[in-house]
Each structure stands twice: as structure tokens, then as C-alpha cells.
1. Among the residues of the stretch 158-188, write down those that are at pLDDT 95 or above, outside any strand (DSSP E or B) and either more than 17 Å from GLY123 (Cα to Cα) or under 21 Å from the mean Cα position of the chain (by Cα) (or both).
2. Out of all the residues in the stretch 128-136, is one or more surrounded by 22 or more Cβ atoms within 10 Å (Cβ to Cβ), in a strand (DSSP E or B) and charged (D, E, K, R)?
3. Can you name the residue in the stretch 305-356 that is surrounded by fewer than 22 Cβ atoms within 10 Å (Cβ to Cβ) and β-branched (Val, Ile, Thr) and, of all such residues, is nearest to LEU47 (Cα to Cα)?
4. For the stretch 290-338, name all the residues that are among the basic types (Lys, Arg) and either closer than 16 Å to ALA373 by Cβ or modelled with pLDDT under 90 (or both).
5. Can you find even one residue in the stretch 192-207 that is assigned to a strand (DSSP E or B) and crowded, with 20+ Cβ neighbours inside 10 Å?
6. Suppose we keep only residues that are assigned to a loop (DSSP other than H, G, I, E, B) and surrounded by fewer than 16 Cβ atoms within 10 Å (Cβ to Cβ) within the stretch 59-73. Which one would you say is nearest to the chain's Cα centre (by Cα)?
7. Which ones in the stretch 221-247 are surrounded by fewer than 21 Cβ atoms within 10 Å (Cβ to Cβ), modelled with pLDDT under 90 and among the acidic types (Asp, Glu)?
8. Are any of the residues in the stretch 142-149 in contact (Cβ under 8 Å) with a residue 12 or more places away in the chain and within 21 Å of ILE174 (Cα to Cα)?
Amino acid sequence: MRRRLTLLVLAASLLGLGSASAASACQCAGCPPTACGPTAGSGAGSLAVRPSGPRGPLVSYAVGDGQIRFALPAGVASADGRRYVTAVRRHERTTLGIFDARTATAIGARTVAGGWNLGGVSGNGRWIALVRPRRGATAVRLVDARTGAARTFELRGWFDVDAVANDGLRVFLIQYVRAGYLIRFYDLARRQLAVRVLTERGEPMQGTAWGAVSSPDGRRVMTLYLRGRSAEVHALDLARGTALCIDLPRGTLDELRAYSLALAPGGTTLYAANPALGVVATVDLARLRVTRVVRFHPVAHADTASRGAAVSHDGRTVYFASGSGAYAYDAAFRRVRGRYGLGGGIAGMAFGRADRYLRLVRRDGSTVRLVAATGRRG
């Protein structure tokens with residue numbers, strides 16, 4: 001009998017969609033990207049759903065038959081989909097569990113003295129960042145998952161980890177200030193916090209972080225921020241230590257919350273869709289701007305608790321959810337088709353190996369398979 005799990009959908013999920021404007025100043029804040037990341041991912045014929053958000057448990061489904069393959073406790077996955085790290089604090093030590101995210105096989109464990117919170121994992125899964133608040137300061141420890149070697153630094157003020165570079169030489173941080181928060185990075189080679197602030201004009205970000213997605217190579221992190229009637233994507237380059245914001249189409253706050261995002265194979269094209277606005281946008285991450293906007297008839301009352309998107313392996317088709325239905329965007333002919341009924345809210349979706357079928361996981365843990373070319377169940 002097929003097992004079912006009751007799934008919850010993260011209120012702050014994937015990101016959104018853009019206008020054809022060039023990159024400009026980003027004024028954002030609210031919940032940090034570390035608490036608002038993507039809730040599902042796919043790879044190697046599996047679909048990993050995060051029932052309670054990006055820091056919660058992981059449930060892996062087989063794309064082919066929809067069966068649950070395995071489940072892992074709360075933790076953080078690497079952007080390349082290969083590693084999964086958990087942290088358990090007991091007494092005066094923290095034990096890190098390292099797993100193969102594709103099979104749930106335990107690879108190893110590292111014990112760190114003191115009580116630490118899991119802050120993040122580098123895109124290649126090698127470096128694990130831990131955070132420990134202190135009185136008026138924040139301690140950060142970077143652990144090498146291969147050797148267990150660790151480096152620790154302490155900063156005055158309140159910080160959290162946003163991302164870790166693949167080489168372990170930069171830890172990108174969220175610094176909370178009275179006016180919002182700043183994105184900065186600590187240079188471990190120089191043992192100092194970089195003076196340069198990774199927000200436009202160096203000003204505090206004001207707004208709400210409403211989702212994030214990372215490129216599989218661990219180079220980029222794209223975070224959507226909502227502020228008033230505007231939405232912007234903060235594109236962070238972990239290799240260069242630079243960032244830029246990309247303006248997105250405007251709308252009411254309720255409409256902006258309907259955004260879903262999917263990264264195309266290759267990691268240079270970002271597709272974003274919003275059924276409440278009736279828009280699908282193509283974001284060129286090499287040029288850092290929206291290059292195309294396609295419009296369709298908007299949904300009157302979009303269910304913002306049910307979102308998600310997936311791109312086919314050939315990069316041509318993008319499926320995105322809206323409440324208990326889904327749409328398909330043909331990137332070659334630049335048109336949207338659907339809405340296809342799914343019988344329930346969606347927690348995650350992924351294409352099969354040959355792109356013929358699409359597997360969707362509902363919020364109640366059940367699954368449905370669609371024929372990608374027609375949107376019919378099959």
C-alpha cells in the first residue's frame with residue numbers, strides 16, 4: 001500500500017517574476033533568506049519535498065511511481081543535491097550527521113564542542129556553517145565535512161548565515177540592524193569582515209524575503225524580496241562576492257505572494273510565474289535582467305499556500321502550480337496552457353527522466369502524474 005505523509009507547505013516559498021527593466025536598487029528586509037528558501041528539489045529520478053520548509057524534514061519520492069523512497073530529519077541540503085546535513089545538540093556538544101541526499105545513506109558524523117545551530121552548507125556539500133549567538137555578538141564556525149577541521153570567528157552584533165562559498169573562503173552573512181538587515185561576507189583568508197556591503201548603495205534591506213533558489217554549482221543564490229507593491233530578486237554571486245537586484249513586475253502584496261520560481265538546467269536561466277498576475281518571466285542570470293515577459297489570463301484568487309515550479313531537462317517546458325491546479329509554459333513558442341486540475345494543493349513537482357511525465361506531490365502526501373505534453377493525468 002502506498003504510504004502517505006501529511007505535508008505542510010511553507011508560507012514563504014519560491015520566488016517570482018519580473019518586468020523587462022534592468023537591475024536596480026533593492027530595498028528589502030523581513031524574514032531572512034535562511035528561513036524562506038525553496039521547499040522542494042529533484043534529481044536522479046527523485047523528488048525531495050521539504051514538508052515544513054527548507055530547514056525541516058526531507059521526504060524523497062520516486063518520480064516514476066510516486067512511492068516514498070525515504071525520509072530524513074530536519075537539516076540542510078547542499079545546492080548540488082548530493083549532501084544533507086543535520087545537527088543535534090546534547091549537553092555541551094553538537095553532533096553533525098552527514099548523509100547522501102539521494103539515498104539517505106549515512107556518510108559520517110562530526111562532533112563539535114559547544115551548542116551550535118546549523119547555519120548552512122556550501123553548494124558542493126563540503127563546508128558546514130554553524131552559528132551561536134552570544135551576548136552582543138555572534139560566533140560562526142566553519143567545519144570541513146571531509147576532515148573535521150574547523151575555523152571559528154566572532155563578530156559584534158546579530159548575524160545569521162546566508163550562504164557559504166564552495167572553496168570555504170567566504171561565508172555570506174545576514175547582519176540585522178535597526179533599519180532592516182544587510183548582506184555581507186566574512187573573508188576567512190584575511191580573517192576579517194569585508195567592508196563592502198552586498199546591497200545596492202550599501203543601505204539596509206527593507207521588505208520581506210519570500211523565497212530563494214540556488215544554482216546546482218553553488219555559485220549563485222537568488223532571493224525574492226517583496227516590498228509594498230514591488231518585487232525584486234537579489235542575485236548573489238558567491239564566487240565573485242558581488243550582488244545585484246533585478247526589478248520584477250509590480251502588483252498588490254497578495255498578488256506578489258503567488259510567485260513560483262524554477263531554475264533551468266545550466267543555471268543561467270530563471271523562469272518565474274505568477275498566476276495571480278497572469279505573467280511568466282524569463283530572467284537571464286548572465287545579464288542580470290528580465291529578458292522576456294509572457295502574459296496570460298490571471299487567476300482571480302490564487303492560493304498562495306500552494307506554489308511550486310519545475311523545468312524539463314531540455315529547458316523547453318515549465319510547469320507551475322496554482323492552488324489545486326497547474327499551468328504549463330512553452331518556452332519555445334512563448335505561450336501558457338492550462339489550467340490542469342490536480343485535486344489538491346501542491347507541495348512539489350519534478351519531470352521524469354525523458355520529460356514525458358511530470359510527478360506532483362500534493363500537500364496531503366499523495367501524488368499525481370501528468371503527461372507533460374497535454375497536462376492530462378497518465
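1. ALA165, ASN166, ASP167, GLY168, LEU188
2. The answer is no; no qualifying residue exists.
3. THR317
4. Residues satisfying the conditions are ARG307, ARG316, ARG335, ARG337.
5. yes
6. Per the criteria, the residue is PRO73.
7. Once the filter is applied, which keeps residues that are surrounded by fewer than 21 Cβ atoms within 10 Å (Cβ to Cβ), modelled with pLDDT under 90 and among the acidic types (Asp, Glu), the stretch 221-247 yields only ASP247.
8. Scanning the stretch 142-149, I find at least one residue that is in contact (Cβ under 8 Å) with a residue 12 or more places away in the chain and within 21 Å of ILE174 (Cα to Cα), so the answer is yes.
The values are calculated or read from the model by the stated rules, or taken from the named source; none is laboratory data. Everything numeric here is computed off the predicted structure, so don't read it as measured data. All Cβ positions, even for glycine, are placed from backbone atoms using ideal geometry, and neighbour counts span all protein chains on display.
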